[in-house]
Amino acid sequence: MRKIIALLALSASALLLSGCGGGGLFNRSRPDEFAVQRQAPLVVPPDFSLTPPAPGAPRPTDTSTASQAQAALFGSPQPRSAVETTVGNKAGQAAPSIRSTVGDPSTQTVDEGSVVRDIVSAPEGDGREASTKIGG
């Protein structure tokens, strides 16, 4: 009788353990929880005479998580003030070749003096040895 109970317990435990041998604990494929994006809620349009969207076209209410994060951090683009618009209109557009013209050795520049030359030629540092001197 004991042998039968031991044999049944052994076969039951072997049967239960055989279900665990499929893929292992650490090598199963899981969804990436950071790549999951919420779907936009369904919107019922007030005007039912709208044409259906073309197949494969992006949904108008769908926005990417990158654009949502950018809108949350910086807000939506604001209209330019009258001063900004005026300054932009008076400044005009830069010539497309301005970068190559500025870098050209034959471009004439104004000599700003020894102070600017000292600032430009100063060695790069972390600022620990920096000192200031107020006029006098």
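The values are calculated or read from the model by the stated rules, or taken from the named source; none is laboratory data. Just so you know, these numbers come straight off a predicted model, no measurement behind them. FYI the Cβ positions are ideal-geometry reconstructions off the backbone, even for glycines, and counts take in every protein chain you see.
Observations on the structure shown:
- Gln37 being at pLDDT 80 or above, surrounded by 10 or more Cβ atoms within 10 Å (Cβ to Cβ) and either in a loop (DSSP other than H, G, I, E, B) or of a type in the set (S, T, N, Q) (or both): no
- Checking each residue in the range 83-105 for being assigned to a loop (DSSP other than H, G, I, E, B) and modelled with pLDDT under 80 picks out Gly103, Asp104, Pro105.
- Within the range 101-117, one or more residues are surrounded by 10 or more Cβ atoms within 10 Å (Cβ to Cβ) and either within 35 Å of the chain's Cα centre (by Cα) or under 30 Å from Val36 (Cβ atoms) (or both).
- Test: residue in the range 12-34 that is in a helix (DSSP H, G or I), surrounded by 10 or more Cβ atoms within 10 Å (Cβ to Cβ) and either modelled with pLDDT of 80 or more or not hydroxyl-bearing (Ser, Thr, Tyr) (or both): yes
- Of the listed requirements (1) loosely packed, with under 10 Cβ neighbours inside 10 Å; (2) closer than 30 Å to Ala35 by Cα, Thr65 misses just one: (1).
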